[in-house]
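Enquirer: So that we are looking at the same thing, I have put the structure below in structure tokens.
Please treat every number below as a calculation from the coordinates, not as lab data. These numbers come from a predicted model, not from an experiment. Please note: Cβ atoms are built from the backbone with ideal geometry, for glycine as well, and neighbour counts cover all protein chains shown.
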Amino acid sequence: MARLQRRTLAAYLPQITMLGSYLARNHDPPPGNMVVWRSMIRLHDIAFGISRGLTTAGVIEIIRSTETKRVTAAMIKSGPTRVSE
């Protein structure tokens, strides 16, 4: 079984900096401080918006109630359980 290798920040940097308008073409120089800064601000804004939207819209409660319904439906579908003595 192959072990998962930990990826470093350098492996994620091109994807993160693309949020800050870095194109990552073959002839482009590495991203500068301003591009990395813009990218991190954009990533923070995205994460904040998602977390705010989930809690404000009550999506978390909807997901929890959906999970409960799925479990209940699976229990009904499987029929009564027998307890052996």
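Enquirer: Relative to the present Cα-Cα distance, how much length would full extension add between Thr8 and Ser51 at 0.36 nm per residue of separation?
Expert: Numbers: separation 43, 0.36 × 43 = 15.48 nm, distance 2.54 nm.
The span from Thr8 to Ser51 would gain 12.9 nm if fully extended.
Enquirer: Pop a pseudo-label 7 angstrom from the Cα along the beta-carbon direction at both Trp37 and Arg25 and give the gap in nm to one decimal.
Expert: 2.5
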